[in-house]
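The values are calculated or read from the model by the stated rules, or taken from the named source; none is laboratory data. All values derive from a computational prediction rather than experimental measurement. Note: ideal-geometry Cβ built from the backbone for every residue, glycine included; neighbour counts use all protein chains shown. Ligands, DNA and RNA are stripped out before the accessible areas are found, and what is left, the full protein with its side chains, is counted by its heavy atoms. Shrake-Rupley method; radii C 1.70, N 1.55, O 1.52, S 1.80 Å.
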Amino acid sequence: MRTPLIVGNWKMNLLRESSATLVQNLVDRLPGELQIEVAVCPPFVYLQDVGRALEGSSIGLGAQNIYHESEGAFTGEVSAGMLCDIGCRFVILGHSERRQFFGDTNESVNRKLFAALGCSLTPIVCVGETLAQREAGQTADVIDEQIRQSLAGLSAQDASQIVIAYEPVWAIGTGRTATPAQAEAVHAQIRGILGQMFGVEVAQAIRIQYGGSVKPENAGELMSQTNIDGALVGGASLNADSFVGICLASCEATPAK
Ligand code: PEP
């Protein structure tokens with residue numbers, strides 16, 4: 001059974017006070033017992049403060065990136081072990097902004113994936129096509145390559161611990177959401193590839209989130225699709241009303257899959 005997972009990616013937003021206000025609002029307003037899992041991924045510098053505010057709540061803590069090495073002379077980087085040490089449960093890997101601006105590739109995502117799993121962090125591996133790729137009819141090929149290369153060498157047992165986020169790049173931060181049918185088609189394709197790589201049983205257990213302009217108004221229909229198991233939320237996660245709205249709409253829409 002796949003428990004839907006809603007994750008807020010705060011990106012490089014908010015300051016100490018506004019982070020504290022947002023997380024407190026989430027803790028106060030999200031019911032303690034939800035049929036979904038919820039987590040937030042603040043910037044590194046606020047992880048510990050946010051983590052303390054989340055103590056005793058059911059909301060998990062995640063980070064937005066790691067470096068694949070465990071320690072050493074890597075100025076400016078943060079390891080998976082450091083994140084585990086301060087209570088992180090999740091890490092986003094290969095977000096399209098990191099692929100676009102910071103040189104992340106399927107190969108570097110693959111190295112980070114092993115580092116995360118080695119520390120029992122749940123990796124959220126992001127894949128998605130650009131608008132040009134979609135318009136050129138290349139979506140299926142791009143997704144196939146991203147999934148196979150990012151997850152190369154993973155055992156079926158490790159694969160069962162990961163989360164995939166399908167985020168069409170053209171839908172991120174643009175207000176333009178993939179239709180539920182467009183998203184479901186790619187999610188079903190991803191589950192098929194996972195089945196070929198790790199076996200059908202493992203593929204059925206892996207959560208595949210959708211990301212790209214998810215809002216309270218569209219969350220329900222997206223989450224009710226057979227292969228959509230939650231959302232990775234950017235802009236709308238910076239506002240308690242909209243993030244809570246997405247979580248509640250998702251709870252109503254998602255029967256256990
Ligand atoms: C994201 O950056 O992962 C994302 C989905 O952003 P937004 O919700 O703002 O489109």
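Restricting attention to the range 45-62, and to residues there that are of a type in the set (A, V, I, L, M) and free of Cβ contacts under 8 Å to residues at least 40 places away in the same chain, which single residue is surrounded by the most Cβ atoms within 10 Å (Cβ to Cβ)?
Looking at the filtered set, the residue picked out is 50.
Please find, within the range 160-214, the residue that is farthest from the ligand (Cβ to nearest atom) out of those that are closer than 19 Å to residue 99 by Cα and surrounded by fewer than 16 Cβ atoms within 10 Å (Cβ to Cβ).
174
Does the range 68-79 contain any residue that is within 16 Å of the ligand (Cβ to nearest atom), open to solvent by less than 20 Å² (accessible area, probe 1.4 Å) and of a type outside the set (Asp, Glu)?
No: the range 68-79 contains no residue that is within 16 Å of the ligand (Cβ to nearest atom), open to solvent by less than 20 Å² (accessible area, probe 1.4 Å) and of a type outside the set (Asp, Glu).
Could you list, ordered by first residue, the pairs with Cβ atoms under 6 Å in which the first is in the range 102-119 and open to solvent by 50 Å² or more (accessible area, probe 1.4 Å) and the second is in a loop (DSSP other than H, G, I, E, B), at least 6 apart or interchain?
111/68
Please go through the range 84-104 and pick out each residue that is under 24 Å from residue 235 (Cβ atoms) and in a helix (DSSP H, G or I).
Listed by number, the residues that qualify are 96, 97, 98, 99, 100, 101.
Answer yes if at least one residue in the range 230-239 is more than 9 Å from the ligand (Cβ to nearest atom), modelled with pLDDT of 95 or more and in contact with a helix residue (DSSP H, G or I) (Cβ under 6 Å, 6 or more places away or on another chain), and no otherwise.
No, the range 230-239 has no match at all.
Among the residues of the range 137-181, how many are in a helix (DSSP H, G or I) and of a type in the set (Phe, Trp, Tyr)?
1
How about the range 65-78: which of its residues are without any contact (Cβ under 8 Å) to a residue 40 or more places away in the chain and touching a Ser or Thr at 6+ places or on another chain (Cβ under 8 Å)?
71
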